[in-house]
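J.: Have a look at this one before I ask anything.
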Amino acid sequence: MTEIQTVGIVGAGTMGSGIAHVFARSGFNVLLCDISQPQLDKAVERIRINLGREASKGKLPADQVEPSVARILTTTDRAALASCHLAVEAASERFELKSELFAALDTILAPEAILATNTSSISITKLAAQTRRPERVIGMHFFNPVPVMALVEIIRGLQTDQPTFDRIRSLALALGKTPVEVNDAPGFVSNRVLMPMINEAAFAVMEGVATAEAVDQVFQLGMAHPMGPLTLADFIGLDVCVDILRVLHQGIGDPKYRPCPLLVRMVDAGWLGRKSGRGFYQY
């Protein structure tokens, strides 16, 4: 199989730009794709700033900042991804969007290329079925902030073959990450456990058990969490939390995954957390 040298990243939001950052920092050529050139320009500038911060803390040689940035090219044309040996999809957490992207990428990339998704909850098996290369489709779930967090959940679909799994596991190690193998089930491990905690914390606020600040203090001071579940929800994005809870609710069928009505109302109001300036807290 072809050595992975050029990686396409589809989606230049928080996760996509973070994934591009770690690939470029590790010496890979990156083609970052989004429908918006201003979003791409913003992502590259964010990557430059974050690499500079790493250099200022001694985590990266200062003379490697600009060469890392230079390894990132941007495009609004999906067809430009044809030269990539691996494409990592980092679009919003909606099956309809991701399945359309996978079907399109399948026609663009060479037959031997691998298609990976950064989905945090959607079935790898279902996404793989949208392509003619299901054995070369895999989940590669990074965590935010990508340059800092060590974990990558690697999720096999039912059809994923062993060579694809082995290559992606080796690739995660080359990025300085710790790969953990997880089976294909709604929410995998991380969000199957995390999202019910965030959801129940939201119910506690909605039902008047405690304020958001008090709920978070209980987890920080009583359970030694670095941040409380509602601060974390704001960091993730409340819209993302609701999307994942809906995937869990539909995929598992257990009512315990029903999104808290308060979370749904906050999303409807545009209170999405840090990225909108207001969630459980104001920023």
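The values are calculated or read from the model by the stated rules, or taken from the named source; none is laboratory data. From a predicted model like this one, the values you see are computed outputs, not experimental measurements. Glycine also receives a Cβ, built like all others from the backbone with ideal geometry; neighbour counts cover every protein chain displayed. Note: accessible area is taken over every heavy atom of the protein model, side chains too, but ligands, DNA and RNA are not part of it. Shrake-Rupley method; radii C 1.70, N 1.55, O 1.52, S 1.80 Å.
J.: Using the Cα centre as the reference, give the magnitude of the dipole from point charges on the C-beta atoms of the stretch 1-126 (Lys, Arg: +1; Asp, Glu: -1; all else neutral), rounded to the nearest 20 debye.
T.: Dipole magnitude for the stretch 1-126 comes out near 440 debye.
J.: Once the whole set of protein chains is in place, how much accessible area is left on residue 153, using a 1.4 Å probe, in Å² to the nearest 10?
T.: Rounded to the nearest 10, the figure is 10 Å².
J.: A further question on this structure: Would you mind pulling out the separation of the Cα centroids of the stretch 17-31 and the stretch 39-56, in Å?
T.: Value for the Cα centre distance between the two parts: 11 Å.
J.: For the stretch 125-164, just list the percent of Cα-Cα distances falling in each 10 Å bin from zero outward, please.
T.: Binned Cα distances yield the sequence 33, 39, 26, 3.
J.: Between the stretch 119-156 and the stretch 166-199, what is the C-alpha centre distance in whole Å?
T.: Using only Cα atoms, the two centres lie 8 Å from each other.
J.: Taking each pair of distinct Cα atoms in the stretch 166-265 once, what is the resulting Kirkwood hydrodynamic radius in Å?
T.: 14.9 Å
J.: Moving on to the next point. Tally up the carbon and sulfur contribution to the accessible surface of the chain as a whole percent, 1.4 Å probe, everything protein left in place.
T.: 55 percent
J.: Quick one: what are the phi-derived ³J(HN,Hα) couplings along the stretch 216-226, Karplus 6.51/-1.76/1.60 with θ = phi - 60°, whole Hz, x for glycine and proline?
T.: Listing the rounded values in order: 5, 4, 4, 6, 6, 8, x, 10, 6, 6, x Hz.
J.: Relative contact order for the chain: what is it in percent, counting Cα pairs under 8 Å that are at least 6 residues apart?
T.: Rounded, it is 13 percent for the chain.
J.: Short version: ³J(HN,Hα) in whole Hz for each residue of the stretch 136-145, in order, from phi by Karplus 6.51 cos²θ - 1.76 cosθ + 1.60 (θ = phi - 60°), x for Gly and Pro, what are they?
T.: 10, 10, 8, x, 9, 8, 7, 10, 8, x
J.: Something else: Among 186, 128, 20, which residue has its Cα furthest toward the positive end of the charge dipole of the chain, with +1 on Lys/Arg Cβ and -1 on Asp/Glu Cβ?
T.: Positive-most Cα among the choices belongs to 20.
J.: Can you figure out the FRET efficiency of residue 83 with residue 162, using R₀ = 35 Å and their beta-carbon distance, to the nearest 0.05?
T.: In this case the efficiency is close to 0.85.
J.: Is there a quick way to get the dipole size of the chain? I mean about its Cα centre, with the Cβ of Lys and Arg at +1 and of Asp and Glu at -1; what is the value in debye to the nearest 20?
T.: About 220 debye.
J.: Quick one: what does P(r) look like for the stretch 1-62 with 10 Å bins over all Cα pairs, in whole %?
T.: The percentages, shortest bin first, are 23, 49, 24, 4.
J.: Out of every Cα-Cα pair in the chain, what percent are more than 30 Å apart?
T.: Value for the chain (Cα pairs over 30 Å): 31 percent.
J.: Which of the GluC sites (Glu not before Pro) across the stretch 58-115 are loop residues per DSSP, with 15 or fewer other Cβ within 10 Å?
T.: Taking the stretch 58-115 and a limit of 15 other Cβ atoms within 10 Å, the loop GluC sites (Glu not before Pro) found are 112.
J.: Per the Kirkwood treatment, what hydrodynamic radius in Å, one decimal, follows for the stretch 110-236 from the mean inverse distance over all distinct Cα pairs?
T.: Evaluated over the stretch 110-236, this radius sits at 16.2 Å.
J.: Next up: Please give me the summed charge of the neighbours of residue 65: other residues whose Cβ is under 14 Å from its Cβ, Lys and Arg +1, Asp and Glu -1.
T.: Once all neighbours under 14 Å are counted, the net charge is +3.
J.: Using just the helices of the chain, give the 222 nm mean residue ellipticity in deg cm²/dmol: DSSP H runs with n ≥ 4 each add -39,500 (n - 2.57), and the total is spread over all residues, rounded to 500.
T.: So the helix-based figure for the chain works out to -14000 deg cm²/dmol.
J.: Now for a separate question. Mean-square fluctuation check for the chain, GNM, Cα pairs under 10 Å: which of 55, 128, 113 is largest?
T.: Maximum among the listed residues: 55.
J.: Now a separate question. Please work out the average accessible area per residue across the chain, using the 1.4 Å probe convention, and give it in Å².
T.: Normalised by residue count, the accessible surface of the chain is 45 Å².
J.: Among 280, 205, 29, whose Cα lies farthest out toward the positive end of the dipole of the chain, if unit charges sit on the beta carbon of Lys, Arg (+1) and Asp, Glu (-1)?
T.: Positive-end residue among those listed: 29.
J.: Additional query: Is there a pair in 59/126; 126/177; 59/256; 42/98; 57/98 whose C-alpha atoms are over 31 Å apart, and which pairs would that be?
T.: Pairs exceeding the cut-off: 59/126; 59/256; 57/98.
J.: Another question, if that's okay. Just going by the charge dipole of the chain, with Lys and Arg at +1 and Asp and Glu at -1 on Cβ, which of 157, 230, 60 is farthest out on the positive end?
T.: Ranked along the dipole, the leading option is 60.
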